[in-house]
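Below is one structure; the comments refer to it alone.
The values are calculated or read from the model by the stated rules, or taken from the named source; none is laboratory data. In this text, all values refer to a predicted model and were calculated from it rather than measured experimentally. We place every Cβ from the backbone using ideal geometry, glycine too, and count neighbours over all the protein chains shown.
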Amino acid sequence: MTRPAVWAAVALLCALPARAQEPAPTPEDAARAQVRIVEQLVDAGLAEEALSAVAEMRGAGVAPPGLDVAQARAMHARGLSTDALALLDTHLRDHRKDAAAWAVRGVILLDMGGRVDDAVASLTRARRHTPRDATILNNLGWALLVAGKPSQAEEALRAALVQDPSSRRARNNLGIALARAGRDEEALAAFRAAGSEADARVNLAAACEWRGDVPGALTHLRAALAATPDHPAATAALARLAAP
């Protein structure tokens, strides 16, 4: 996507005539629309284009709320994670209640590894300021799992599912938390609610292997193949674990 195309939507937004009884878009509206485009570019895997768009905005003296967070996401996606954290840390000095900034900081720390407690603290701060955000709750749950706190992870993940019952990611993560706590039947139910019987068995097999229960993992992998004989993940995992 070329840079003129990046801003085509914004130009169109500004050019549209105002509807009856609706105010015309303000410069602030256009700036927020530009931030949304940056976020959409990051979500589409176009980090380089997103950073080019941010540079244009900053060069024009445009710095609406959310731009620092969107830029940090783009930098992280581009492999500039240390710089992204530095940008967020500077931003948070003056915006201590910015839940989005705390949330992105926590995810970046998780992805980088080595600072799991810091990631949990950042995501906990994000939750404090936005307690009903399903994505923040799910990411906090995963961070707590990585930190070896499955019971606390379960609480956050169940809270995420209250906000978004359709979230397969949160339901799968809940299954992992339950399996790591040795609650396999509940874990299997959570995995089944998120996907097929074969996928559920593969996920539980992975949890069994993680805790050192190789016989249990083999049992669930065979059950996965009984449900779906050509399941690629189950086939590969069974071959690996059953190898002498």
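Summary table below
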| item | result |
| --- | --- |
| Residue list for segment 185-226, filter: more than 17 Å from Leu174 (Cα to Cα), in contact (Cβ under 8 Å) with a residue 12 or more places away in the chain, of a type outside the set (Val, Ile, Thr) and surrounded by fewer than 16 Cβ atoms within 10 Å (Cβ to Cβ) | Arg222 |
| Where a residue in segment 75-92 is touching a residue at least 24 places away in the same chain (Cβ under 8 Å) and more than 16 Å from Arg115 (Cβ to Cβ) and its partner, wherever it lies, is in a helix (DSSP H, G or I) and of a type in the set (A, V, I, L, M), with Cβ under 6 Å and at least six apart | Met75/Ala84; Ala77/Val42; Ala77/Ala47; Arg78/Ala47 |
| Residue in segment 163-180 that is of a type outside the set (A, V, I, L, M, F, W, C), in contact (Cβ under 8 Å) with a residue 24 or more places away in the chain, in contact with a helix residue (DSSP H, G or I) (Cβ under 8 Å, 6 or more places away or on another chain) and surrounded by fewer than 16 Cβ atoms within 10 Å (Cβ to Cβ) present | yes |
| The listed residue being assigned to a helix (DSSP H, G or I) and more than 28 Å from Gly106 (Cβ to Cβ), out of Ala177, Ala189 | Ala189 |
| Which numbered condition Ala103 fails, given (1) of a type in the set (A, V, I, L, M); (2) modelled with pLDDT under 95; (3) part of a helix (DSSP H, G or I) | (2) |
| Condition broken by Pro17, with the remaining ones in (1) modelled with pLDDT under 95; (2) closer than 25 Å to Ala134 by Cα; (3) not polar (S, T, N, Q) satisfied | (2) |
